[in-house]
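Contents: one structure, followed by commentary.
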Amino acid sequence: VQLQASGGGLVQSGGSLRLSCAASVNIFRFNRMGWYRQTPGKERELVALITNGGNRNYADSVKGRFTISRNIAKDTVYLQMNSLKSEDTAVYYCHAAMISNQNDYWGQGTLVTVSS
């Protein structure tokens, strides 16, 4: 199983970016998929997740600004990030939890830098 994350980059405060996470398998094999982020010296934190059934959860810090979605035909999950703030600067990781073996899978990380 591979998760290929993309879409990070440099953006000004208030701007938008869309991250993509393409899975090498049918995404319905996962119990949930989501995005985490990490900055130096801090633990990785959950940003948003979407369950197999389509339920969505967000960190309080991103509610109303970020939207997680999926394209089932492309086995891809997205994170639309709007109204970006400098504190959103981090490496963003795609995550998936497989139903059959309960293993966790991680993408390679994509850097998002928000300049103030």
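The values are calculated or read from the model by the stated rules, or taken from the named source; none is laboratory data. Since the model is a prediction, treat every value here as computed from it, not as a measurement. Counting neighbours? That spans all protein chains shown, and the Cβs are built from the backbone with ideal geometry, glycine included. For accessibility, only protein heavy atoms count, side chains too; no ligands or nucleic acids. Shrake-Rupley method; radii C 1.70, N 1.55, O 1.52, S 1.80 Å.
If you build a Gaussian network model of the chain, linking Cα atoms that sit under 10 Å apart, which residue out of I72, I27, I50 swings the most? Maximum among the listed residues: I72. On the beta carbon distance between L46 and E87, with R0 = 22 Å, the FRET formula returns roughly 0.90. Computed extension gain for F28 through S69, at 0.36 nm per residue and net of the alpha carbon distance, reaches 13.4 nm. Among 33-39, 110-116, 59-65, the peptide with the highest mean count of other Cβ atoms within 10 Å heads the list, and the full ranking is 33-39, 110-116, 59-65. Think of the chain as a dipole: +1 on every Lys or Arg Cβ, -1 on every Asp or Glu Cβ, centred on the Cα centre; then among P40, T113, I68, I68 lies furthest on the positive end.
For the stretch 23-69, the fraction of 1.4 Å probe accessible surface lying on carbon and sulfur atoms is 43 percent.
So, for the chain, what is the accessible surface per residue at a probe of 1.4 Å, expressed in square angstrom? Don't skip to the answer; put the middle values down first.
Values: 6100 Å² over 116 residues.
Accessible surface, normalised per residue, equals 53 Å².
For the chain, modelled as a GNM whose springs connect Cα atoms under 10 angstrom apart, the maximal fluctuation among N31, N82, N71 occurs at N71. Were the residues from W106 through S16 laid out at 0.36 nm apart, the gain over their Cα-Cα distance would be 30.1 nm.
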